[in-house]
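Notes to accompany the following structure.
Where a number appears in this text, it was derived from the coordinates with a stated rule and is not lab data. None of these values were measured; they are calculated from a predicted model. With ideal geometry, Cβ positions are generated from the backbone for all residues, glycine too; neighbour counts draw on all protein chains shown.
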Amino acid sequence: MSSKEPVDPFRRQVPTAEDLDDFHRDGYIAFYDAMTDAYREALIEEVLSADPVRSFLDLSDEERSRLDSPTRHFVRPWNDRGPLSDALIDAPLITALLRETVGPDVHFCHSSMNLALRGAERGEFHQDHHHWNHHNPINIAERDRYYIQVLYYPNGFARGDRSLVTIPGSHLVAPTPDITPAGLLSGEFDEQAGRKLQAVDLELPPGSFIYLNARMFHGIQAKPIDSPQAFRIFLIDIFKEEGPPHRFTQEIPRDWLERATPARCKLYEREPFTETCWS
Ligand SMILES: [Fe+2]
């Protein structure tokens, strides 16, 4: 796949009515095996060929054990991305999803990437909408505006092997400070959500992605030491409604702007986060 040609990563270009129902009811949509085979293979090659990733994977077990985080390579903001991963940002399917769920006034917030190796620990249930989560600095004026995460899994994951665990419907529970995942799963908030809240441990084939309202609680399973998959690749693009920055809204690197289409440039036309940006 030549990186000089415009690329459409996905087999589909628009969401269905059922997809949009899933988003509003569950707080996310799962797109299984959504990438074309050629794109998925080329994307994996692009991601793994970046120098910091190669350096991390090339370490011996002994060298890696001396790192602060020996089983995870996490980068935020993920600036070292290439043209194939860039193509995700304004792919027709993503553009249509943002238009149908958030509306026309959407900005790119930031991106990150994460490799998880065997032995990576589980991640607790959490929400990522910064103004919904009381553990973060919050800007109440922005609380009801959408914050969307698109979670890409180019090499997929099996259930119980660094799998994503969701609590469908938990985005409908009000953001009171005393809400806890244990409380959510004990039935305490079922009436408010209008359903039985329970955890769903997902399994996604390679090339899948999750389009997520970041108010929904989710967690991550550990990666077993004997997992048949050496590492799980996880790429995240985050979008926000037009308005002030969120906590991680990133500076856009000059080389991103140089290779962006006019439509993608428009997604980048917002201010990055600074300590004083809400005052
Ligand atoms: Fe998260």
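Figures for the structure shown
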| read-out | value |
| --- | --- |
| Residues of the stretch 119-135 satisfying the condition of being within 19 Å of Thr276 (Cα to Cα), surrounded by fewer than 18 Cβ atoms within 10 Å (Cβ to Cβ) and within 12 Å of the ligand (Cβ to nearest atom) | none |
| Within the stretch 193-225, tally of residues that are over 25 Å from Arg40 (Cα atoms) and away from the ligand (no atom under 16 Å from the Cβ) | 7 |
| Lone unmet requirement of (1) over 28 Å from Asp86 (Cβ atoms); (2) crowded, with 19+ Cβ neighbours inside 10 Å for Tyr147 | (1) |
| Check on Pro70, assigned to a loop (DSSP other than H, G, I, E, B) and in contact (Cβ under 8 Å) with a residue 24 or more places away in the chain | yes |
| Filter result for Ile225 (closer than 25 Å to Val75 by Cβ, β-branched (Val, Ile, Thr) and in a loop (DSSP other than H, G, I, E, B)) | yes |
